[in-house]
Amino acid sequence: MPTVESLHQRLSEALAEYLAETREDSSETALVFHGGGEIRLWSEDDTVRAEIDTSQGGPEIWDFGPGRDEVEDFVETALWVVAPEE
């Protein structure tokens, strides 16, 4: 199961060219992208959660843990959301 820190690191590496800034406080981490999208990461009830919010649509929440969403699927979705259309 990923931690907020490991998921943050994985996303930062995969999306480095699109990342504008990272904001952190005691309860969550947010990755903000040049195209206006944002991914929030937090831990709740021993589960890591992520929310993708873009200017094109509403938020989508992912849960990571045994029998739940897969990190690689999330990274692929995040790339699709924040990468400019080619």
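FYI, it's all coordinate maths here, none of it is from the lab. Note that the coordinates shown come from a computational prediction; the quantities given were computed from them, not determined experimentally. Cβ sites come from the backbone with ideal geometry, for glycine too, and all protein chains shown count toward neighbours.
Values computed for the structure shown
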read-out	value
Cβ-based net charge around Met1, under 10 Å, with every Lys or Arg adding one and every Asp or Glu removing one	0
Helix axis angle, 4-14 relative to the chain longest principal axis, alpha carbon, degrees	30
Structure-based [θ]222 nm, the chain - -39500 (n - 2.57) summed over DSSP H runs of at least 4, per residue, nearest 500	-8000 deg cm²/dmol
Virtual spin-label span in nm between Asp46 and Ala83, 7 Å along Cα→Cβ	3.6
Which labelled figure in (i) -0.26, -0.36, -0.63, -1.39; (ii) -0.29, -0.40, -0.66, -1.31; (iii) -0.51, -0.57, -0.75, -1.10 is log10 I(q)/I(0) by the Debye sum over Cα atoms at q = 0.11, 0.13, 0.17, 0.25 Å⁻¹, once derived from the coordinates	(i)
Between 0 and 90°, nearest 10: helix 71-82 axis offset from the chain longest Cα axis	30
Linear extension gain, Asp25 paired with Met1, 0.36 nm per residue minus alpha-carbon span	6.5 nm
Listed residues Asp53, Asp25, Asp69, most fluctuating in the chain (Gaussian network, C-alpha, under 10 Å)	Asp25
